[in-house]
Amino acid sequence: MTQHTAIILLAGFVIGLVVGGLTFLSGTPAAGAVLAGLLSAGGSVPVLRTLIG
């Protein structure tokens, strides 16, 4: 795995954690917060690839 790939995956993971945590703190059930975190992490990877690439 290249350093570029590791940075993008790590940034996507952090974004997913932040979005999931904030969603949970807003009163959404845990399953909805996990789903929001997963979707935001997966959606951020292509965007980060073009921005950092």
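Structural remarks
- Inter-probe distance in nm under a simple model that places probes 7 Å from Cα toward Cβ, at Thr5 and Arg49: 1.1 nm
- Accessible solvent surface per residue of the chain, calculated while the other protein chains remain in place, 1.4 angstrom probe, Å²: 70 Å²
- Highest average first, the peptides 17-24, 3-10 ordered by how many other beta carbon atoms sit within 10 Å of their residues are 17-24, 3-10.
- Among the protein heavy atoms of the chain, carbon and sulfur supply 78% of the accessible surface, probe 1.4 Å, non-protein parts ignored.
- Gained length - Ala30 relative to Phe13, 0.36 nm times residue gap less alpha-carbon distance: 4.4 nm
- Secondary-structure-derived ellipticity at 222 nm for the chain, considering helices only, amounts to -30500 deg cm²/dmol, per-run term -39500 (n - 2.57) for DSSP H runs with n ≥ 4.
The values are calculated or read from the model by the stated rules, or taken from the named source; none is laboratory data. This is a predicted model, so every value here is computed, not measured. Reconstructed Cβ throughout: ideal geometry from the backbone, glycine too, with neighbour counts over all protein chains shown. The accessibility values were calculated without ligands, DNA or RNA, using every heavy atom of the protein model including side chains. Shrake-Rupley method; radii C 1.70, N 1.55, O 1.52, S 1.80 Å.
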